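Only one structure is covered here, and it is reproduced in the block below.
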Amino acid sequence: MTETEVTGLRTFQPAEAGTVATDTPNSWALSMYRTALWLKSPRPYLMLIGFGLFLGFWYLSVEVLKLPRFAEMPGPTEVIDEWLNQDPTYGLSIFIPEYYMHIWVSTRRIAIAFILATVTGVPLGLFLGWSQRFKQYVFPVFELLRPIPPLAWVPLAIVMFRGSETPVIFLTFLASFYATALNTMLGVQSIDVSLIRAASCLGAKRWQIFRHIVVPGALPFIFTGLQISVGVAWFSLVAGEMVSGQYGLGYVINTSYTMVRYPTIIIGMVTLGIVGYVTSAAIRAVGDYMMQWRTRELSLGRQ
Amino acid sequence: MKMMAVDQGKAFPGTPRTLRRGHIRIEDAVKIYGPQNGGILAVDHCTFDVPAGEITVVVGPSGCGKTTLLNAIAGFHSLSAGAIYLDEEVLCGPGRLKAEPGPDRIVVFQNGALFPWKTNIDNVTFGPIMQGTMTPAQAYEKARHMMADAGLRGVENNYPGEISSGVRRRVEIVRALMNDPKILLLDEPYRALDSLTKSVMHEALLDIFYRTRVTVFFITHDLEEAIFLGHRVIIMTTRPCRPKKVLDIDIPHPRDYSALTTKRFRELMDETAMAVHEEAIKAFEAGEMER
């Protein structure tokens, strides 16, 4: 209140306004603070209850009630027992080196495809959003190819690429690439035209605007795109691995099905869930790191 | 920076006329959106002056086309006909209907246009560094001084999203002044602020103006704001936009908020309120109020 009284009477005093200073918390302190808040909120406990209910339902329906269509399904105790067994009945558990080989092969394929999709998709999206002319050439073709599901590319992928590895990576790359490029383009288009005008007022040349305004301005959308991209990458990877390959989690699931190793199917699926979640979280973390400004804004509760 | 400190002490009531710059002359400006025949006439043979070293405020109902004029001066849009001069040099005119944007005419935008991914000080140094007129070290040095002068010490390394909207507007004005512009173009910059913040911002703007004597072209729909800030107030007709009434405000500078309660201020408000109101009604009837 005192501020309005003071400024209401006299001209503006710079010294008084100098007190708007705030200590800038570093990101470590911020994340500690947020973790503490999270632990105090009901959220982590509700999450545990959610997992508990899911496992309970599974356990009840398969192992206790033995519902008609669930009879063949492995129950949670059987899966956990197999998964954590030093000497698994069906040959795959956390103690078997082959298990990690499968995870490694899948992750490696994802990494290659994802990196390829990012280094091609982001620049393509940036140019699509930035240059009308470029978009007029490229976008119609892009939009026509995009709805073709990765699985429809399987025969062509096998014809086009040698071996079994490259076709799988190609299929994984495809879906990722579309998601990344499209979101990047939308990101560029979402930039407030005032920012671009402001930059040109301040004397920035076209490429300077591209570098300092367009690229950082599109980053939030780019990272949304990358999250989607890594998700659909796992999606099409598993499809690809079911078609060809000798290793990988998709291969594990498919062969376990043909060889009637049902608990191993579930192990493959759960592992996919965990690895997929970790890759997604890693991208989110990179995004938060690269967009400090946004992280800090959001931590203040502003959108 | 040193020059500014000296200015502050002795320059008022004004730097010598020869030093003043930023005189804008708009001559017979016409802007038609869409086809030349049958398009929307936004600006209709508009002619007026923005004197150097003064604050000129354009008042008109929302959507009347005043922003179109500002965009033509800034170089964001072309004119359909007519000419605009800055210190007697052609910005745009026959043969070249769109001006080039440049750091001699800097716009402060309606909703603010600080780059959210740059810290405040990186925003302020953006102009000189992009233009290559200063080394980064010089730019940061000058920026620190200017921000301190504007009461912005302590927010240099914050991001715009972390400070209040009033402080953001001040950062944006400092960012403009870093380039030593001839004229500041303000497009309803305080529209989104609450009235308390607004009153502080008005005095902050006057404070900056008295220190720098930069020419200001200010657009608003708020008559009170216009009379309080302006040396000259131009009331526009609703679309198509044309000066309806030009007022020289004889309330002495430097002004502060006590000017709002003076008799002269009330008289000027009474004299002009009707003219603005008429245009507001016309605009409303034309269904343009929602713009």
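The values are calculated or read from the model by the stated rules, or taken from the named source; none is laboratory data. Because the structure is predicted, anything quoted here is derived from the model rather than measured. Every residue, glycine as well, gets a Cβ built from its backbone with ideal geometry; the counts of neighbours run over all protein chains shown.
Tabulated results
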quantity	calculated
Residue in region B:274-283 that is of a type in the set (Val, Ile, Thr) and closer than 23 Å to residue B:73 by Cα present	no
Test: residue in region A:6-29 that is acidic (Asp, Glu) and at pLDDT 85 or above	no
Residue B:73 being touching a residue at least 12 places away in the same chain (Cβ under 8 Å) and more than 14 Å from chain A (Cβ to nearest Cβ)	no
Matching residues, region B:129-138, being more than 9 Å from chain A (Cβ to nearest Cβ) and in contact with a Lys or Arg (Cβ under 9 Å, 6 or more places away or on another chain)	B:134
Single match in B:107, B:124 (criterion: closer than 25 Å to residue B:67 by Cα, more than 8 Å from chain A (Cβ to nearest Cβ) and β-branched (Val, Ile, Thr))	B:124
Residue A:261 over 16 Å from residue A:176 (Cβ atoms), in contact (Cβ under 8 Å) with a residue 24 or more places away in the chain and within 14 Å of chain B (Cβ to nearest Cβ)	no
Those helices (runs of 4 or more DSSP H) lying entirely in region A:225-303 with at least 2 residues under 30 Å from residue B:114 (Cα atoms) and among the aromatic types (Phe, Trp, Tyr)	none
Unmet criterion (only one of (1) within 20 Å of residue B:160 (Cβ to Cβ); (2) out of contact with any Asp or Glu (no Cβ under 6 Å at 6 or more places or on another chain); (3) more than 9 Å from chain A (Cβ to nearest Cβ); (4) surrounded by fewer than 23 Cβ atoms within 10 Å (Cβ to Cβ)) for residue B:118	(3)
Top-ranked residue of region B:139-159 - restricted to ones that are free of Cβ contacts under 8 Å to residues at least 40 places away in the same chain and not hydrophobic (A, V, I, L, M, F, W, C), ranked as nearest to the other protein chains (Cβ to nearest Cβ)	B:154
Residue tally, condition in contact with a Phe, Trp or Tyr (Cβ under 8 Å, 6 or more places away or on another chain) and either over 18 Å from residue A:194 (Cβ atoms) or surrounded by fewer than 21 Cβ atoms within 10 Å (Cβ to Cβ) (or both), over region B:123-150	1
Of all residues making up region B:62-91, the number that are buried (at least 22 other Cβ atoms within 10 Å of the Cβ) and assigned to a loop (DSSP other than H, G, I, E, B)	3
Pick from region B:176-204, criterion of a type in the set (D, E, K, R) and in contact with a strand residue (DSSP E or B) (Cβ under 8 Å, 6 or more places away or on another chain), ranking: farthest from residue B:52 (Cα to Cα)	B:191
Residues satisfying the stated conditions in region B:41-79, i.e. among the β-branched types (Val, Ile, Thr) and under 17 Å from the mean Cα position of the chain (by Cα)	B:50, B:55, B:56, B:57, B:58, B:59, B:67, B:68, B:73
Residue that is of a type in the set (Gly, Ala, Ser) and more than 25 Å from residue A:216 (Cα to Cα), where the choices are B:151, B:112	B:151
Members of region A:119-161 found to be β-branched (Val, Ile, Thr), over 30 Å from residue A:196 (Cβ atoms) and surrounded by 13 or more Cβ atoms within 10 Å (Cβ to Cβ), listed by number	A:154, A:158
Test: residue in region A:172-190 that is closer than 15 Å to residue A:130 by Cα, within 14 Å of chain B (Cβ to nearest Cβ) and touching an Asp or Glu at 6+ places or on another chain (Cβ under 9 Å)	no
Residue within region B:231-240 that is out of contact with any Ser or Thr (no Cβ under 9 Å at 6 or more places or on another chain) and surrounded by fewer than 22 Cβ atoms within 10 Å (Cβ to Cβ) present	yes
